[in-house]
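The values are calculated or read from the model by the stated rules, or taken from the named source; none is laboratory data. Predicted model only: the values in this text are computed from it and were never measured. FYI the Cβ positions are ideal-geometry reconstructions off the backbone, even for glycines, and counts take in every protein chain you see.
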Amino acid sequence: MYTDKVMDHFSNPRNVGQIENPNVVVKVGDPGCGDAVLIFLKIDDNVITDVKYKVYGCGAAIATTSMASTMVEGKTLEEALEVTDEKVAEALGGLPDSKMHCSNLAATAIRAAVTRYLTPPEEGAAS
Ligand code: FES
Ligand code: FES
């Protein structure tokens with residue numbers, strides 16, 4: 001049911017872990033299945049120089065987050081914002097229908113982190 005690429009990223013996920021002094025960290029969850037991703041980005045001069053994550057979820061959530069992380073590593077913020085769920089699923093050679101939302105979780109987490117970084121904190125908000 002899974003492609004070799006999915007199995008590869010599931011068994012050997014890339015970029016797992018956390019970053020000590022990230023420029024941004026966000027947690028994104030899927031209320032449907034309860035899976036969640038905590039993603040850390042290190043950004044230097046508009047480029048994602050490091051990406052790490054912790055993922056709580058199914059094999060497809062792990063594989064898609066791993067693949068998404070490799071798709072934004074070394075990329076500009078604009079390029080990272082263009083990583084969609086379809087592109088992540090495609091890069092993995094496809095996902096079963098019931099697991100398509102897992103790629104959405106990964107892509108959403110990346111975009112949420114970049115968007116958070118680009119959005120200045122509201123006035124009066126703590127840090
Ligand atoms: Fe979400 Fe797979 S863990 S159903
Ligand atoms: Fe929900 Fe994988 S089953 S993210």
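Structure summary
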item: Selection count, the stretch 27-42, where residues are under 17 Å from Arg111 (Cα atoms) and exposed (fewer than 15 other Cβ atoms within 10 Å of the Cβ); result: 1
item: Answer residue from the stretch 58-82, given it is of a type in the set (Val, Ile, Thr) and within 16 Å of ligand 2 (Cβ to nearest atom) and is nearest to the chain's Cα centre (by Cα) among those; result: Thr65
item: Residue in the stretch 29-57 that is farthest from Thr84 (Cα to Cα), counting only those that are within 10 Å of ligand 2 (Cβ to nearest atom) and of a type in the set (Val, Ile, Thr); result: Val55
item: Test: residue in the stretch 88-111 that is small (Gly, Ala, Ser) and more than 16 Å from ligand 2 (Cβ to nearest atom); result: yes
item: Single match in Thr108, Thr65 (criterion: touching a helix residue (DSSP H, G or I) at 6+ places or on another chain (Cβ under 6 Å) and within 24 Å of Thr119 (Cβ to Cβ)); result: Thr65
item: Members of the stretch 73-103 found to be touching a residue at least 40 places away in the same chain (Cβ under 8 Å) and buried (at least 17 other Cβ atoms within 10 Å of the Cβ), listed by number; result: Leu77, Ala91, Leu92, Leu95, Lys99, His101, Cys102, Ser103
item: Asp45 being at positive phi, modelled with pLDDT of 95 or more and either within 15 Å of the chain's Cα centre (by Cα) or surrounded by fewer than 16 Cβ atoms within 10 Å (Cβ to Cβ) (or both); result: yes
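Listed here are the residues, each with its yes/no results for (1) within 18 Å of Val28 (Cα to Cα); (2) away from ligand 1 (no atom under 16 Å from the Cβ); (3) assigned to a loop (DSSP other than H, G, I, E, B).
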| position | (1), (2), (3) |
| --- | --- |
| Glu90 | no, yes, no |
| Met100 | yes, no, no |
| Leu105 | yes, no, no |
| Val114 | yes, yes, no |
